[in-house]
Number of protein chains: 2
Amino acid sequence: MKFTLLKTDTSSGARAGLIETDHGSIETPIFMPVGTQGTVKAVHQHELRDDVKAQIILGNTYHLYLRPGMDIISRAGGLHKFNGWERPILTDSGGFQVFSLSANRKLKEEGAWFRSHIDGSKHLFTPEKVVDIQRTIGSDIMMALDECPPGDSDRAYASKSLDLTLRWLRRGWDHFNATSPLYGHSQAFFPIVQGASFPDLRRKSAEFVASLGAEGNAIGGLAVGEPTEVMYEMIEVVNEILPADKPRYLMGVGTPVNILEAIERGVDMMDCVMPTRNARNGMLFTSNGIMNMRNKKWADDFSPIQEDGPSYVDRVYSKAYLRHLFIAQELLAMQIASIHNLAFYLWLVGEARRHIIEGDFSSWKKEMVERVSRRL
Amino acid sequence: MKFTLLKTDTSSGARAGLIETDHGSIETPIFMPVGTQGTVKAVHQHELRDDVKAQIILGNTYHLYLRPGMDIISRAGGLHKFNGWERPILTDSGGFQVFSLSANRKLKEEGAWFRSHIDGSKHLFTPEKVVDIQRTIGSDIMMALDECPPGDSDRAYASKSLDLTLRWLRRGWDHFNATSPLYGHSQAFFPIVQGASFPDLRRKSAEFVASLGAEGNAIGGLAVGEPTEVMYEMIEVVNEILPADKPRYLMGVGTPVNILEAIERGVDMMDCVMPTRNARNGMLFTSNGIMNMRNKKWADDFSPIQEDGPSYVDRVYSKAYLRHLFIAQELLAMQIASIHNLAFYLWLVGEARRHIIEGDFSSWKKEMVERVSRRL
């Protein structure tokens, strides 16, 4: 993996760059649609490529490990071959899902024991094992196993949790370096900064992470309940330490405004289920504000979803028709809204990149934050 | 609407024809995907056009009348404008749904009273009103209001029901002829043959229907519980009477074998929810047989869904991946299976047409009945 920093904004931390992987290039800043179970919900792979214009998608190690399982993924020749997505894939470590989804999880020094949310079966994720799993998945970028403490964790818990995460990180990193890709394409390993909402813990974590010299670095444990301003502060604290010549990935964030604020603070990569999950509930993000498509006000609005929108769905379907589909609980509603929201997120980061390169990011961002926050 | 009979098979009743409407041509025999609430479930309009190669789709008067309602459809400029489907649309009369879905329905001479299955509100469908509704929807082909008695109705009930249907038909036909299209394109009105499983009632009904001289004629009240052989017999009885120079539409039928048997007996148009409903449950129809995609046997079958299948989904997704999507309850599973099944049905009727024109329909049909009936 190669990262080229093309431009850093003069009046903010915003950066434009290019990541090159064996499955193609990624223009940063980038938003990565989440394909939890090997599919971005309700969106065909060719729609992701041609309509959404996704450059990289996520897969979830926890989900893929449980279903279809590593035997199937391995025999398919990795996730790219299994789901037919030929561009880059990033996989998380599964740690976050172990803590949010599974039952009876137990943290030990060796790793995290948990029971499957599907059938109750018992499993152990160790820092080494999640590297092996991600070798089998064949993701272009794999993530270290970490513990993600709640946003309101006290200092004692956060500190103890961070120490475990750092020990796990060392083990995962060593195992990554001792193993090789399985399918002939390179894989990068990103360590993750934790430390809850404590600047000193975040600094300690970022310094350790930076010291590894990995091909990219991630910021985890944010957007998990802490105030938004605290999240922005933690990003600033961490990005002062993470190397500028490596991509920085802010995990699980967020709203369009969060995305813009993170980019301004030097973040290069983001992912979130929000555009797809909210789409399935009828919420559309647009460059003119937020629309709840179940609202009665759209019932007789026969204008296109968004005349100047980034995807064809914005022009071929009307607001009234989309509202009807949501009220009638039709699957096509979720399909249209998912494509729209993802295309909007990709448009948003693409525009951010363009304005960083053109040198007017800050004024554009200020106006856009106001626009995308409106309720239509 | 214009119907041209291009070829009649020498050794069976099978026919190849062409229907021309103001929204484009329809090559018969044709299968019509069902778009109940103004959308064919889980399929985008451009996918219907380009991947499924649908030439005409259905809308359901009962559903559209209740939701979004005629005010919205009218102000949209009709259903074509509302949902963006620019090719022909056929609407049923709503009668079938009144009897199968609504609560507290009451049949009177004037029409059918019913309560909405959505909110319990009370409504009346008369033969005249369903013409008006279909004028508002703007379907290219509208259907007469009828009562569809159960497949095991006794003769007394079936006869009484038929008499009511015939009186309704006369009223609907008169009202159709006394009213005009609303959106500048022509609309045809198809009367429906009823008569349950009684040949003499079917004949009586078909003779009355034929006497109207409508632009096309329909056969209703079949595939509602009677034995398959009885259904085929009724089609034969009716098609001896319905004029050969008008298209014949067999309503709500059926399996791939039913489709082939109906074509052999001189049917030109068919519709059914089976390809889409069964798709959503994981059942795929193919030219090699039926596949239940939830079956464990597909878990490690990494070959394409159908190498020589009629749609791109057959080649870009593997059986193992599609099976994973169904087991993981992913929306994409329903999307892929719906496109596949509809594309297969359209392929099947297209092949039937080709073989009718080439003169070897009977031998092709015999082989195909055997093939599509297999369980894979």
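The values are calculated or read from the model by the stated rules, or taken from the named source; none is laboratory data. Small disclaimer: the values here were computed from a predicted structure and weren't measured. Ideal geometry is used to build each Cβ from the backbone, glycine not excepted, and the neighbour counts take in all protein chains shown. When the accessible area is computed, the model is the full protein with side chains, heavy atoms only, and any ligands, DNA or RNA have been set aside. Shrake-Rupley method; radii C 1.70, N 1.55, O 1.52, S 1.80 Å.
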**Report entry** Residue tally, condition free of Cβ contacts under 8 Å to residues at least 24 places away in the same chain and more than 18 Å from B:H355 (Cα to Cα), over the stretch B:1-48
**Finding:** 4
Query raised in the report: Given A:Y232, A:Y249, which one is aromatic (F, W, Y) and under 26 Å from A:K2 (Cα atoms)?
Result: A:Y249
Report summary line: Within the stretch A:19-46, restricting to residues that are farther than 16 Å from B:A328 by Cβ, open to solvent by 10 Å² or more (accessible area, probe 1.4 Å) and not small (G, A, S), the one that is nearest to the chain's Cα centre (by Cα) is A:E27
Report task. Using the structure shown, decide if B:A196 is farther than 15 Å from B:M143 by Cβ and part of a loop (DSSP other than H, G, I, E, B). Result -> yes
Query raised in the report: Hey, among the residues in the stretch B:282-294 that are more than 14 Å from chain A (Cβ to nearest Cβ) and closer than 19 Å to B:Q335 by Cα, which one's most open to solvent (accessible area, probe 1.4 Å)?
Result: B:N292
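Residues are listed down the side, and each one gets a yes or a no for (1) within 16 Å of the chain's Cα centre (by Cα); (2) not in a helix (DSSP H, G or I):
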| site | (1), (2) |
| --- | --- |
| B:E215 | no, yes |
| B:G221 | yes, yes |
| B:M231 | yes, no |
| B:K246 | no, yes |
| B:G254 | yes, yes |
| B:P275 | yes, no |
Query raised in the report: So, in the stretch A:314-328, of the ones that are more than 8 Å from chain B (Cβ to nearest Cβ) and of a type outside the set (K, R), which residue ends up nearest to B:L66 (Cα to Cα)?
Result: A:F326
Report summary line: Considering the stretch B:26-46, residues that are in a strand (DSSP E or B) and among the β-branched types (V, I, T), and then whichever is farthest from the other protein chains (Cβ to nearest Cβ), we arrive at B:T28
Query raised in the report: Has the stretch B:85-96 got at least one residue that is modelled with pLDDT under 95 and in contact with a strand residue (DSSP E or B) (Cβ under 6 Å, 6 or more places away or on another chain)?
Result: yes
Query raised in the report: Can you tell me which residue in the stretch B:231-248 is surrounded by the fewest Cβ atoms within 10 Å (Cβ to Cβ), limited to those that are among the hydrophobic types (A, V, I, L, M, F, W, C), under 19 Å from B:D152 (Cα atoms) and free of Cβ contacts under 8 Å to residues at least 40 places away in the same chain?
Result: B:V237
Report task. Could you tell me whether B:E215 is open to solvent by 10 Å² or more (accessible area, probe 1.4 Å), out of contact with any helix residue (DSSP H, G or I) (no Cβ under 8 Å at 6 or more places or on another chain) and not small (G, A, S)? Result -> yes
Requested in this report: Find all pairs meeting these conditions: Cβ atoms under 6 angstrom apart; at least six residues apart or on different chains; first residue within the stretch A:174-203 and closer than 26 Å to A:V224 by Cα; second residue open to solvent by 70 Å² or more (accessible area, probe 1.4 Å).
Outcome: A:F198/A:R155
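From B:R75, B:R49, B:R67, which residue is in contact with a His (Cβ under 8 Å, 6 or more places away or on another chain), part of a helix (DSSP H, G or I), within 14 Å of chain A (Cβ to nearest Cβ) and open to solvent by 10 Å² or more (accessible area, probe 1.4 Å)?
Being in contact with a His (Cβ under 8 Å, 6 or more places away or on another chain), part of a helix (DSSP H, G or I), within 14 Å of chain A (Cβ to nearest Cβ) and open to solvent by 10 Å² or more (accessible area, probe 1.4 Å) holds for just one of B:R75, B:R49, B:R67, which is B:R67.
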Report task. Go through the stretch A:182-200 and count every residue that is surrounded by 22 or more Cβ atoms within 10 Å (Cβ to Cβ), among the aliphatic types (A, V, I, L, M) and more than 20 Å from A:M269 (Cβ to Cβ). Result -> 1
Query raised in the report: If you go through the stretch A:83-103 one residue at a time, do you hit one that is under 24 Å from A:F190 (Cβ atoms), of a type outside the set (A, V, I, L, M), open to solvent by less than 10 Å² (accessible area, probe 1.4 Å) and within 13 Å of another protein chain (Cβ to nearest Cβ)?
Result: yes
Query - the stretch A:108-131, residues that are of a type in the set (A, V, I, L, M, F, W, C) and surrounded by 15 or more Cβ atoms within 10 Å (Cβ to Cβ) - result: A:A112, A:W113, A:F114, A:F125, A:V130, A:V131
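Inside the stretch A:73-113, can you point out the residues that are of a type in the set (D, E) and more than 15 Å from A:T61 (Cβ to Cβ)?
Listed by number, the residues that qualify are A:E86, A:E109, A:E110.
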Report summary line: If we ask which residues in the stretch A:290-329 are under 17 Å from B:I73 (Cα atoms), among the charged types (D, E, K, R) and either touching a His at 6+ places or on another chain (Cβ under 7 Å) or touching a residue at least 12 places away in the same chain (Cβ under 8 Å) (or both), their number turns out to be 4
Query raised in the report: Of the conditions (1) crowded, with 16+ Cβ neighbours inside 10 Å; (2) within 26 Å of B:N83 (Cβ to Cβ), B:S161 fails just one. Which one is it?
Result: (2)
Requested in this report: Return the residue satisfying two criteria in turn: it lies in the stretch A:151-179 and is part of a loop (DSSP other than H, G, I, E, B) and over 19 Å from A:T126 (Cβ atoms), and of such residues it is modelled with the highest pLDDT.
Outcome: A:D154
Query raised in the report: Taking the stretch B:329-352 only, how many residues are within 12 Å of chain A (Cβ to nearest Cβ), open to solvent by less than 10 Å² (accessible area, probe 1.4 Å) and more than 18 Å from B:V273 (Cα to Cα)?
Result: 2
Requested in this report: Quickly run through the stretch B:4-18 and pick out the residues that are open to solvent by less than 10 Å² (accessible area, probe 1.4 Å) and in a strand (DSSP E or B).
Outcome: B:R15, B:A16, B:G17
